[in-house]
Amino acid sequence: MNNHDIQAAWKYHDGTKHSYWSIRNDPHFLDWANRPQPFKIYPKLERLPLPRDVSQTGVAALSAISDALSSSRVDSVPDLQDLARILYFSAGITKQRRSPGGEIYFRAAACTGALYEIELYIVTADLAGLDAGVYHFNPADVSLRLLRKGDFRGNLAQATALEPEVVGAPVTIICTGTYWRNAWKYQARTYRHFGWDNGTLLANMLAVSAASGLPAKIVLGFVDADVNRVLDLDTRHEVSLCLVPIGHRSDSPPPRPVKLMHSAWKRSPSRSARSNILPCLRCTMRLRSRPYRK
């Protein structure tokens, strides 16, 4: 299947439309005993706490949204405090509420069904307070887990065909989508929700980055398989959606790409015991994991 074969996408689009008939004849119900875990957990990896006292920038929201920052001329390197601010106001937990189905952890960006299927990872050079590496952000305990030690920005640069903002960024945030966490409720419409829910999170991320004086750009053109491999994702359940290079550093170009091996750590089951992925959603998963995408 190549990038110009759009029939599968049309089939999915038409097959997951809401209609008077589809809403009233869907036998699906919420299986609370099989509810997905709300967080992806790496139980064998050491917790690296992020600062919790994230300060306000003092920049009004509308100003942050409307002001564009150039990413090509001025050096601007985030520190650990900046990174904690961006991650928290993009995907951090802002309040909790108990419901009949269990505890709900509301986050900074809205999400369909409060299921929060978007995960955040960072690929970074050495920063003030943080060594170079590939990390996963866990909003449950406001911390990072080191997945790969070293500077893997060269792999991202190669995967994006040397996208200038990725090449010049000291850190790139990668958004991924976990299918079952949303499909548990919304079934085959989950792939639609990836775009919606990632979009609300990205709006926050771009605004907070701008308010922090850090240029940021959403990058959608990349080799999916290469980025998934950097994060060592199990693409049957989770795939990369976009890259967001943060900041600019002219004196620290990314190194050459590194040959990647499977990580030594064990992935945790961030889904429930029985993850029932529907056939038409599996089709989009294959589309999402194809080697090249424009």
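What follows is calculated from the coordinates using simple rules that are stated; it is not laboratory data. For clarity, every value in this text was computed on a predicted model and none was experimentally measured. Heads up, the Cβs are rebuilt from the backbone with ideal geometry, glycines too, and the neighbour counts pull from every protein chain shown.
The mean sequence distance of close C-alpha pairs (under 8 Å, at least 6 residues apart), as a share of the length of the chain, puts its relative contact order at 27 percent. For the range 1-133, a simple Cβ point-charge model (Lys and Arg +1, Asp and Glu -1, everything else neutral) yields a dipole of about 600 debye relative to the Cα centre. Placing pseudo-labels 7 Å out from each Cα toward the beta carbon at Lys149 and Val74 gives an inter-label distance of 3.7 nm.
Would you work out the charge dipole size for the range 54-199 about its Cα centre, treating the Cβ of every Lys and Arg as +1 and the Cβ of every Asp and Glu as -1, and quote it to the nearest 20 debye?
Numbers: 14 positive and 14 negative charges, 149 e Å.
Its charge dipole is roughly 720 debye.
Under 5 Å from the amide H of Val54 lies no amide H of any residue 5 or more positions distant or on a separate chain, with H modelled from the backbone and absent for Pro and chain starts. Ordering Thr235, Thr94 from the fewest to the most neighbouring beta carbons within 10 Å gives Thr94, Thr235.
Given Cβ point charges of +1 (Lys, Arg) and -1 (Asp, Glu) and nothing else, what value in debye, to the nearest 20, does the dipole of the chain about its Cα centre take? Please list the in-between numbers first.
On the way: 38 positive and 26 negative charges, 230 e Å.
Charge dipole of the chain: 1100 debye, to the nearest 20.
Put the Cα centre of the range 84-105 next to the Cα centre of the range 17-45 and the gap is 18 Å. Is the range 203-254 rounded, prolate or oblate when judged by the Cα gyration tensor, a ≥ b ≥ c being the square roots of its eigenvalues, rounded requiring a/c under 1.5 and prolate requiring a/b larger than b/c? Since a/c reaches 1.5 but b/c is at least a/b, the shape of the range 203-254 is classed as oblate. Only one of (1) 74, 44, 36; (2) 55, 42, 30; (3) 59, 45, 42 was calculated from the structure for Cα extents along the principal axes in Å, and its label is (3). Per-residue ellipticity at 222 nm, computed for the chain from helices alone with -39500 (n - 2.57) per DSSP H run of at least four residues, works out to -9000 deg cm²/dmol. The residues Ser209, Ser22, when put in order of fewest to most other Cβ atoms within 10 Å, stand as Ser22, Ser209.
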